[in-house]
Amino acid sequence: MTQTATPSAADTARESAFEAVIADGGYIEPKDWMPDRYRKQLVRMMSQHAHSEIVGMLPEGNWLTRAPSLRRKMTLLAKVQDEAGHGLYIYCGAETLGVDRHELVDQLHAGTAKYSSIFNYPTLSWADIGMIGWLVDGAAIVNQTMLAKASYGPYARAMIRICKEENFHKRQGYEICATLAGGTPAQRAMAQESLNRWWWPSLMMFGPSDKDSPNSAELMKWGVKRKSNDELRQRFVNLTIPQGQALGLTFPDPDLRYDEATDNWEFGEIDWDEFWSVVKGHGPCNEERLEARRAAHDNGAWVRAAAEAYAAKQRAARAAVAASPRETRRRS
Ligand code: BYC
């Protein structure tokens, strides 16, 4: 005979306390009780997000040695370093949920973890660096401004800091695009060609449409996501079209039109077959990106070994001081 466990009064009380915090728009903190499914959803989303920041360094890193001036090189270097920092904050945030970041990184290297589809496209021209800043960081800001109000405290706080840096990233990207769009005919053509390639993948960053998004309902119920994938995508389109028009560039979408009734820019159908193909590992650069991450990890083994040896030496020195008689400690 099977028995169904009846929740105890204590279980019910802590679940009610959790629900009350969510209903109140408050924050769940690492030591608070949370449903197992809430924890799992956050680990899934935060690990995907952290990996995106780390893999996201690769397409731009590709242009560090070819930036057209010292100023551009310094700015790009700072941006790529910022992305590494974002990845580290979010891995730290995920660790507050009881996972080990090494486990998450192993999943990335094994190809079983997800990261944003956008980083599986190649950076073929300098204009692509401008487009990444303007469109990719621009899309990330729209998404992350919402996540800065997520119900899990460590994730929300990481987003506040990250968004400040992303704003700078977007401006540097837009400035590159403005320079090229206002430059020679060849520079202008380079910017247009780049926009043609990056526009649709940028819209895909927001994930599948709401009807095909299996995680949204649960994430929204728990206040992790405060807006749906389609709502955010629309917001991004509405913000971005006037910015592109100010540059005199054309969006590669014949169905784009402003609807006065809704105050929205309506856009054409996204190629969802392309999206799922990239998500499943068959995009133009998926293999190359994972290979680069695995190589970086292997090549960094000596750094991890050195850091571990240094930490062990420090621990031994501290233990020796703690074990020594008081008198010796005072004199040393
Ligand atoms: N790419 O139920 P859904 C940056 C997956 S980096 C790949 O809607 P959810 C930057 C999704 O994971 C910051 N996979 O999921 C860095 C799920 O699969 P699993 C990038 C995607 O979680 C360097 C399945 O599809 N931002 O800014 O409710 C240089 C069903 O989707 C994608 C983030 O990472 C995708 N685009 O919503 C420059 C944002 N979309 O996990 C810039 C953090 C969906 O069930 N993440 N999938 O196997 C999120 O906000 C949400 O997870 C998403 C998806 C909106 C992406």
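Where a number appears in this text, it was derived from the coordinates with a stated rule and is not lab data. Note that the structure is predicted; figures quoted are calculated from it, not measured. A quick note on method: Cβ atoms are made from the backbone with ideal geometry, for glycine too, and the neighbour counts reach across all protein chains shown.
Remarks
- Compactness ratio for region 1-71: Cα radius of gyration over 2.2 N^0.38 Å (N = residue count) comes to 1.98.
- Between the helical axis of 101-110 and the longest alpha-carbon principal axis of the chain there is an angle of about 50 degrees.
- Cβ-derived FRET efficiency at R0 30 Å, Arg161 paired with Thr112, nearest 0.05: 0.55
- At most 12 other Cβ within 10 Å, DSSP loop - trypsin sites (Lys or Arg not before Pro), region 1-93: Lys31
- Whole-Å semi-axes of the ellipsoid equivalent to region 89-238 (Cα gyration tensor, √5λ, descending): 30, 17, 16
- Above 20 Å, the calculated P(r) of region 154-233 contains 55 percent of its Cα-Cα pairs.
- Where the Cα pairs of region 201-332 fall when distances are cut into 10 Å bins, in %: 9, 21, 20, 15, 12, 10, 8, 3, 0
- Of all the options Ala319, Ala158, Ala110, the one that moves most in a Gaussian network model of the chain with Cα springs shorter than 10 angstrom is Ala319.
- Using only Cα coordinates, the Kirkwood hydrodynamic radius of the chain works out to 22.3 Å.
- Here the sum of -39500 (n - 2.57) over DSSP H runs of 4 or more residues, divided by the residues of the chain, equals -21000 deg cm²/dmol at 222 nm, to the nearest 500.
- Choice from Met204, Met74, Met34 showing the highest fluctuation, given a GNM over the chain with Cα pairs closer than 10 Å: Met74
- GluC sites (Glu not before Pro) within region 179-286, DSSP loop, no more than 16 other Cβ atoms inside 10 Å: Glu260, Glu269
- Near Trp265: Cβ cut-off under 10 Å, other residues only, Lys/Arg at +1 and Asp/Glu at -1. The net charge is -3.
- Taking the charge dipole of region 148-228 about its Cα centre, with +1 at Lys and Arg Cβ atoms and -1 at Asp and Glu Cβ atoms, the residue from Cys177, Trp200, Ile162 reaching farthest to the positive side is Ile162.
- Between 0 and 90°, nearest 10: helix 9-23 axis offset from the chain longest Cα axis: 30
- Rel. contact order, % - alpha carbon contacts under 8 angstrom, at least six apart, the chain: 17
- Using only alpha-carbon positions in region 47-151, the gyration tensor eigenvalues give semi-axes of 26, 15, 13 Å once each is multiplied by 5 and square-rooted (largest first).
- Peptides 115-126, 205-216, 306-317, 289-300 ranked from most to least packed give 115-126, 205-216, 289-300, 306-317, packing being the mean of other C-beta atoms within 10 angstrom over each peptide's residues.
- Region 183-316 - percent relative contact order, Cα under 8 Å, separation 6 or more: 18
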